[in-house]
Amino acid sequence: MNVLIKTATIIDSASPFHNQVCDVLIEKGKISKIASSIENTNNYKTINLDNLHLSQGWFDSSICFGEPGFEDRETIENGLKTAAKSGFTSIALQANTNPIIDTNANIAFVLSKAQNHAVKLLPIGALTKNSDSVDLAELFDMKNAGAVAFSDYKKPITNPNLLKIALQYASNFDGLVCSFPLETRISGKGIVNEELTSTSLGLKGSPNLAEAMQVARDLFLLEYAGGKLHIPTISTAESVALIREAKQKKLDVTCSVAIHNLCLTDAVLEEFDTNYKVNPPLRIQKDIEALIEGLKDGTIDMVTSDHNPMTIEDKKVEFDHASFGTIGLESAFGALNTLFTTKKTIQLLTKGKSRFGQSNTSIEEGQMANLTLFNPDIKYAFSETDIVSKSKNSAFLGLELKGKAYGIIANNKIVL
């Protein structure tokens with residue numbers, strides 16, 4: 001793959017060309033030259049796009065597709081196409097399929113489906129067999145097959161001893177254990193944030209306490225057992241404070257936040273739109289402010305779209321009976337870019353790779369091209385025409401966003 005990128009602003013603090021407008025020549029998938037102007041002497045394909053910006057390829061640590069078993073929600077093929085057109089060069093795939101991805105054969109299957117794509121698929125194996133929170137799954141075998149972490153997606157580990165054993169066992173092979181932060185005996189049947197909105201709408205609420213208690217428990221277990229812990233999609237001010245304290249103790253813990261939990265409060269629930277039914281639930285402004293501060297000071301390590309496709313049948317029902325989840329790949333950049341500067345947004349979208357066993361490649365000569373191409377300034381109302389996913393359950397429909405991805409150059413391929 002040979003291509004000449006013309007007049008691109010490079011946003012990469014690790015690159016000597018950071019903040020410069022340059023031409024970038026890519027030959028056989030590798031950056032061969034970066035300069036203020038490059039002649040296309042070999043008649044290569046030229047990319048010349050409006051207000052073109054380049055960054056390192058973006059990464060998302062929590063993606064669901066559906067295949068195998070739920071192909072009506074999303075296939076791996078179209079899911080990777082969606083990720084590429086949304087600017088992501090690598091994604092970590094959750095295990096919530098049918099069957100659950102809990103064996104080395106299941107890991108091998110999803111990796112085989114993702115071969116020869118521009119986007120790198122990083123499989124997350126289930127932490128427990130069938131994600132039932134009873135017995136540990138085949139963690140070591142899955143690690144050898146290519147699993148980058150272990151998680152029972154949106155299912156908390158109810159037995160603290162099981163999590164302790166998982167941390168101790170996985171530490172033998174540098175495995176990353178993920179624990180969803182929810183104490184179900186506190187949350188009960190809560191489906192939205194327990195606050196004024198839940199009371200006024202007559203919806204069962206799940207309090208901040210249900211998340212904070214589980215985070216506190218898991219951090220105590222980590223301190224005792226050692227190992228590597230990742231707490232996905234925190235949503236409360238209390239969780240931020242607990243993790244900040246744990247990091248001051250030098251515990252090996254990371255965490256993420258879903259982009260919709262940064263942008264939306266539970267006030268949007270007033271029309272009972274099931275696209276806003278997510279887990280963890282949308283909270284209040286105080287929590288959003290704490291989450292944003294946590295991102296700024298490094299307490300929260302990464303953002304995620306928490307992309308979770310659901311069919312019309314999953315969502316076009318009464319709010320109580322609707323499935324949790326929103327898609328988020330297509331809106332991720334535009335939503336984040338309304339909250340932060342473009343440079344901070346890019347920093348957030350490229351963080352977290354090393355935690356999932358991936359290296360960062362800066363934009364400089366001699367490096368393999370792993371690039372996201374984007375326009376940070378275009379403003380638009382997000383609509384179904386912006387959605388590439390098979391499922392259309394987006395919490396961002398109708399919202400004003402800023403910035404769009406053009407596509408990616410990665411794995412010796414171009415997707416625009």
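The values are calculated or read from the model by the stated rules, or taken from the named source; none is laboratory data. Given the structure is predicted, the values throughout are model-derived calculations rather than measurements. All Cβ positions, glycine included, derive from the backbone under ideal geometry; neighbour counts span all protein chains shown. These accessible areas exclude ligands, DNA and RNA; they are computed on the full protein's heavy atoms, side chains included. Shrake-Rupley method; radii C 1.70, N 1.55, O 1.52, S 1.80 Å.
One table, with the values for the structure above:
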read-out: Part-to-part distance (alpha-carbon centres) for the stretch 344-404 and the stretch 1-34, which is given in Å; value: 18
read-out: Sequence-distant residues sharing a close amide H with ASN193 (under 5 Å, placed H); value: SER206, LEU282
read-out: Where a label projected 7 Å from the Cα of ALA14 along Cα→Cβ would reach, residues of the stretch 354-383 with amide N under 20 Å; value: 354-374
read-out: Three-way shape label, the stretch 80-225, alpha-carbon gyration tensor, a/c 1.5; value: oblate
read-out: Potential lengthening between GLN248 and THR184 on full extension [0.36 nm per residue; Cα-Cα distance subtracted]; value: 20.2 nm
read-out: The stretch 95-128-the stretch 217-271 distance, computed between alpha-carbon centres (Å); value: 25
read-out: Rounded accessible area of LYS353 (nearest 10 Å², 1.4 Å probe); value: 10
read-out: Values of log10 I(q)/I(0), in the order q = 0.26, 0.27 Å⁻¹, for the stretch 232-307 under a Debye, Cα-only, solvent-free model; value: -1.20, -1.27
read-out: Stretchable slack from SER362 to THR46, in nm (0.36 nm times residue separation minus alpha-carbon distance); value: 111.6 nm
read-out: Sites ASN130 and LEU209 - FRET efficiency at Förster radius 30 Å, r taken between beta-carbons, to 0.05; value: 0.55
read-out: Estimated vicinal HN-Hα couplings, Hz - the stretch 90-95 in sequence order (Karplus 6.51, -1.76, 1.60; Gly, Pro = x); value: 8, 9, 9, 8, 6, 9
read-out: Under-5 Å amide H pairs with ASP377, H placed in peptide plane, nonlocal only; value: LYS404
read-out: Residue-normalised accessible area of the chain, given per residue in Å² at a 1.4 Å probe; value: 39
read-out: Carbon plus sulfur fraction of accessible area for the chain, probe 1.4 Å, in percent; value: 49
read-out: GLU313 accessible area, assembled protein chains, probe 1.4 Å, Å²; value: 140
read-out: Structure-based [θ]222 nm, the chain - -39500 (n - 2.57) summed over DSSP H runs of at least 4, per residue, nearest 500; value: -8000 deg cm²/dmol
read-out: Added length on full extension, which subtracts the Cα-Cα distance from 0.36 nm per residue, ASP320 to ALA241; value: 25.3 nm
read-out: Volume per residue that the Cα convex hull of the stretch 291-403 spans, once the total is divided by residue count, Å³; value: 148
read-out: Equivalent ellipsoid dimensions for the stretch 146-252 as semi-axes, Å, which come from the Cα gyration tensor, largest first; value: 28, 15, 11
read-out: The chain: DSSP helices with Cα axial extent of at least 20 Å and average Kyte-Doolittle hydropathy no lower than -1.0; value: 208-225
read-out: Radius ratio Rg over Rh of the chain, counting only Cα atoms, Kirkwood formula for Rh; value: 0.96
